[in-house]
Structure formats: structure tokens, C-alpha cells
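Peer 1: The structure's right below; bear with me while I get my questions together.
Please treat every number below as a calculation from the coordinates, not as lab data. Computed from a prediction, not measured in an experiment: that's the story for all the values here. Note: ideal-geometry Cβ built from the backbone for every residue, glycine included; neighbour counts use all protein chains shown.
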Amino acid sequence: MVASVPARLARRMTRMAAVAPFDLPLELPLFDVRMLWHPRTDHSPAHEWLRALMVECAREA
């Protein structure tokens, strides 16, 4: 299997499975990661919790 993933994720994957990370032979542009949701879920406690959890996980990565 071949996958192109961010370096931080690749490093984590090597601790969880028998994978071998390699650098790509080309430069890729940087990208932003964003969250989008329907406005009706702006004040949903469950959705607020999930968004906060995702932000926390992204900061730790």
C-alpha cells in the first residue's frame, strides 16, 4: 500500500504498524486544515465538544 500523509502522521504510524516512511521525491505546497459545519450545529453541545476535541488533537499532533 502507498499513501501520501503528513510527516507527523507517518512518524506516529511507524509506532503502531509495520510501515516504512519515505520522503517524497518532490516538493508539495503547504495546505490548511479547516473544519466546516452547518450553522444549525453552532450551539449543539455534542458538536461543540467534537470540534473542541478535534482542535485539541490537531494541536497535539
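Peer 1: If you line up the Cα atoms of the chain on their principal axes, what length do they span on each, largest first, in Å?
Peer 2: 44, 27, 21
Peer 1: Between residue 22 and residue 56, 0.36 nm times their residue separation minus their Cα-Cα distance comes to what?
Peer 2: Length gained between residue 22 and residue 56: 9.5 nm.
Peer 1: Next up: Angle, helix 7-16 long axis vs. longest principal axis of the chain, Cα atoms, 0 to 90°, nearest 10?
Peer 2: Helix 7-16 sits at roughly 80 degrees to that axis.
Peer 1: Restricting to DSSP loop positions (anything but H, G, I, E, B) with no more than 15 other Cβ atoms inside 10 Å of their own Cβ, which GluC sites (Glu not before Pro) remain in the chain?
Peer 2: Listed in order of number, the matching sites are 27.
Peer 1: Please sort by residue number the trypsin sites (Lys or Arg not before Pro) in the range 2-61 whose DSSP state is loop and whose Cβ has at most 12 other Cβ atoms within 10 Å. Let's see the in-between values first.
Peer 2: Working: sites: 8, 11, 12, 15, 34, 40, 51, 59; in loops: 34.
Loop-located and lightly packed - 34.
Peer 1: Expressed as an acute angle from 0 to 90° and rounded to the nearest 10, what is the orientation of the C-alpha long axis of helix 45-60 relative to the principal long axis of the chain?
Peer 2: With both axes taken from Cα atoms, the answer is about 30 degrees.
Peer 1: Hey, another quick one. With only Lys, Arg, Asp and Glu charged, each at its Cβ (+1 for the first two, -1 for the last two), find how big the charge dipole of the chain is about the Cα centre; round to the nearest 20 debye.
Peer 2: Here the size comes out at about 160 debye.
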